[in-house]
Each structure stands twice: as structure tokens, then as C-alpha cells.
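Encoded as C-alpha cells, the structure appears first; notes follow it.
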Amino acid sequence: MTMFSYITLLATLTILIFTSTVRSCPASDRAALLAFKAALHEPDLGIFNSWTGTDCCHNWYGVSCDMETRRVADINLRGESEDPIFQKAGRSGYMTGSISPSICKLERLSSLTIADWKGISGPIPACITSLPFLRIIDLIGNRISGEIPADIGRLDRLTVLNIADNLVTGRIPRSLTNLSSLMHLDLRNNRIWGSLPIDFGRLRMLSRALLSRNYIGGTIPDSISKIYRLADLDLSLNKLSGEIPASLGKMAVLATLNLDSNKLSGKIPDSLFNSAIGNLNLSKNTFQGYLPDVFGPKSYFTVLDLSYNNFWGPIPKSLSQSSFIGHLDLSHNRLCGRIPAGPPFDHLEATSFAYNACLCGKPLGACK
């Protein structure tokens, strides 16, 4: 080998080594990931077996990096996945342990998904609110406890907050309404108590708000009606009281309103029956009075459930003027009188009208 060839080879190797070093993830990110891994135990699938070598951006299961900075941008670990690892094992994953605060050292983290592992416990690290680029927090389907970090509102880029199906407790932090980019909020099936923030309507980008199966009390804030994009509102199986704000029926895109199994009372606003809402569930509350006779061509319901309340009087005849009613449930009230003929009544079963004071006519018995 000539001296020129030797120098060329040495220069090439130097460039390759330098390039490899530059293109690898920073040692600090690798150390943070390894500390995160050390707090978890996954005995069946071996998903962490790939977390070896110096470059955590290369073939580390569930880890993705920014192409330019090589900083860790995404952690995506799902216990119910279509990944070949799960298909080969023929089972969903089970993981125990906790979420280490070491993830807060991943300064460029954009999404954190640690979902459906069933056994991960402990709190959400409070320091998570120091990650300025965080857009997604998805921790559904674990046993995470403690409270939502009080200053969660610092995450002004957050679009998804999903901590459903856990053991999270405490109040909804006041700062949550500062999440001006939030589109999807899912707090279902936890132990959250207290009232909804009165300024909930500040979440102007929100399209889904799912908060069922908690212990949320107080009244429904009227400010919710200011969330123009809100299409799905589920507050069922809580302890809400008071009346439904009439303004909810004037929302442009609200398609699903689920308020069943609360302590709501008073009369149902007429506006709900001639709105964009197509799935309306108000069952198992303490509403009372006559059902409003205000249905018309704008009334289109795939589901209209008013069962288990204290409505009395006749079934509104204007219901037959609705453009569509797929499922109607008026059972377990105090309604009385003849069931109107024609659609939608001619395709409904007797269970839709059962356990009332004195309803009669098809599909129940003949009127005397």
C-alpha cells in the first residue's frame, strides 16, 4: 500500500467514525432511555432486547428520533399491538413497574405512548410538564395513580392527553384549560373528583372530551358551548347535578352528548332536540316534567335514550316528524297515553316503552 493510499484509507475511516458518532443519538438520551427501561419489567415479549448498542436511534424498539438533530422524539410502546413480536407470541403484553422521571431528560420528546400494559403503576412524573415539544401523552390502560400534574397547562403544544382506564385521582387541574392546542382529552374510568373547570370552554381546539366513569360533581359549565369544534362530549357515570345548559343544543358540530347516570335534574332544553346531536343519552338522571313537543325535520337521532327519569304526560306527537330515529328508549318513566302511530314508532319494540305509568297502543297492549 502506497503512502497516498494509506492516508486516503485513514481519512475515510476517520470520516466514517466521525459521521457515525455524529449521527448516533446523544449519550444523554441513551442514558435516559436506559434509566426509563430499568424502572420497567416486561417478562414475556422481550421488547427491550433491542435496546443495545450506542445508537438509540437505530432499531431500538418503540424509539424514534428526529432525522436532523438525532434527539429522541417519540416513545411508542403499546401492550396491544399488531407488531410481529406480539403476533408471534400470540398474546398481548403485560408490563409492571413505573414511569421513571428520567424521561424528562429527553428534552426533544414529542410523543409519549405507554399504553395498554395493564400493570404499570405509580404516578405521572411531575417533571413531564417541562418538556416543551410534547404533543402526545397516551398512557391508557395501566394502573397509573396519583394526580394529573398541576402545571399540565405549560404544555402549550399538547394535542392529545389520554390517561383513560387507570387509577388517577384528584381534581382536574385549573391549568388544564391553558392547553390551547388540545384536541383529544380522555380521562375515562379513573377516580377523578371535584368539579369541571368553569372555564372549560377555553379549550377551543377540543374535538373530543371523554370523562365518563369518574366522581366528577358540580354543574356542567356553560362555557363548554364555546368550543366550536367539539363533536363528542361524554360525562356519563359521574355525580353531576343541576340542569343542562341550553347552549349545548346550539353547538354547531356536537354529535354525541352522553350524560347518563348522573344526578342531573330539571327540564331538558328544547334546543337539544333540534340540534346537530345525533346520539343523545340522558338516561338514569332525575329529569322531570313533560317531554317537549318540539321535534321536527332537524331531529335526527341514531340514539335517543331518555329512560330511567321522571318524565310524565304523553309521548310528543312531533316525534313522528323527526327525519330519523334509530333507537328510542323511553322506558322507566311516568309517561301515559296512546303511543303515536307511524314512524319511528312502527319499528320499535315494547322494551322502548316498558315500565311507564299508563302507555298503551302498539307495540304495547291496546288502549282501553
Could you list, in sequence order, the residues of segment 334-352 that are closer than 18 Å to Pro297 by Cα and in a loop (DSSP other than H, G, I, E, B)? Pro340, Ala341, Gly342, Pro343, Pro344
Condition first: part of a strand (DSSP E or B), in contact with a Phe, Trp or Tyr (Cβ under 9 Å, 6 or more places away or on another chain) and among the charged types (D, E, K, R). Can you find one or more residues in segment 114-121 that meet it? yes
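Do you know which of the residues in segment 268-300 that are part of a loop (DSSP other than H, G, I, E, B) and among the charged types (D, E, K, R) is surrounded by the fewest Cβ atoms within 10 Å (Cβ to Cβ)? If you could, list the steps in order and put the result at the bottom.
The initial filter retains those residues of segment 268-300 that are part of a loop (DSSP other than H, G, I, E, B), namely 268-269, 275-278, 282-285, 291-299.
Of the ones still in play, those that are also among the charged types (D, E, K, R) are 284, 293, 298.
Numbers: Lys284: 18, Asp293: 15, Lys298: 12.
Here the residue is Lys298.
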Need pairs with beta-carbon distance below 8 Å; first residue of a type in the set (Phe, Trp, Tyr) and within segment 202-226, second not in a helix (DSSP H, G or I); sequence gap 6+ or separate chains. Tyr215/Arg191; Tyr215/Ile192; Tyr215/Trp193; Tyr215/Asn238; Tyr215/Lys239
Determine if segment 164-173 includes at least one residue that is over 18 Å from Leu210 (Cβ atoms) and not in a strand (DSSP E or B). no
Restricting attention to segment 71-105, report how many residues are open to solvent by less than 20 Å² (accessible area, probe 1.4 Å) and over 25 Å from the mean Cα position of the chain (by Cα). 2
Any chance segment 259-267 includes a residue that's in contact (Cβ under 8 Å) with a residue 12 or more places away in the chain, open to solvent by 30 Å² or more (accessible area, probe 1.4 Å), outside any loop (DSSP other than H, G, I, E, B) and touching a strand residue (DSSP E or B) at 6+ places or on another chain (Cβ under 9 Å)? yes
Within segment 150-160, count every residue that is part of a loop (DSSP other than H, G, I, E, B) and either open to solvent by less than 10 Å² (accessible area, probe 1.4 Å) or closer than 22 Å to Leu230 by Cα (or both). 5
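Would you check which residues across segment 317-333 are part of a loop (DSSP other than H, G, I, E, B) and closer than 19 Å to Thr302 by Cβ and list them?
Initially, segment 317-333 is screened for residues part of a loop (DSSP other than H, G, I, E, B), giving 322-323, 330-333.
Residues satisfying the conditions are Ser322, Ser323, Leu330, Ser331.
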Does Glu68 fit the bill of being among the acidic types (Asp, Glu) and either open to solvent by less than 20 Å² (accessible area, probe 1.4 Å) or closer than 27 Å to Asn178 by Cβ (or both)? no
Considering residues of segment 138-149 that are crowded, with 19+ Cβ neighbours inside 10 Å and not in a loop (DSSP other than H, G, I, E, B) only, the residue nearest to the chain's Cα centre (by Cα): Asp138
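Can you spot a residue in segment 193-204 that is in contact with a strand residue (DSSP E or B) (Cβ under 9 Å, 6 or more places away or on another chain), closer than 18 Å to Ile140 by Cβ and assigned to a loop (DSSP other than H, G, I, E, B)?
To start, the set of residues in segment 193-204 that are in contact with a strand residue (DSSP E or B) (Cβ under 9 Å, 6 or more places away or on another chain) comprises 193-196, 200, 203.
Checking the rest, the ones that are also closer than 18 Å to Ile140 by Cβ come to none.
Checked segment 193-204: no residue is in contact with a strand residue (DSSP E or B) (Cβ under 9 Å, 6 or more places away or on another chain), closer than 18 Å to Ile140 by Cβ and assigned to a loop (DSSP other than H, G, I, E, B).
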When segment 324-356 is checked residue by residue, the ones that are at pLDDT below 90 and open to solvent by 30 Å² or more (accessible area, probe 1.4 Å) are Ala341, Pro343, Asp346, His347
Going through segment 236-258 in order, the residues found to be within 18 Å of Met183 (Cβ to Cβ) and either in contact with a helix residue (DSSP H, G or I) (Cβ under 9 Å, 6 or more places away or on another chain) or in a loop (DSSP other than H, G, I, E, B) (or both) are Met251, Ala252, Val253, Leu254, Ala255
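The values are calculated or read from the model by the stated rules, or taken from the named source; none is laboratory data. Computed from a prediction, not measured in an experiment: that's the story for all the values here. A quick note on method: Cβ atoms are made from the backbone with ideal geometry, for glycine too, and the neighbour counts reach across all protein chains shown. The accessibility values were calculated without ligands, DNA or RNA, using every heavy atom of the protein model including side chains. Shrake-Rupley method; radii C 1.70, N 1.55, O 1.52, S 1.80 Å.
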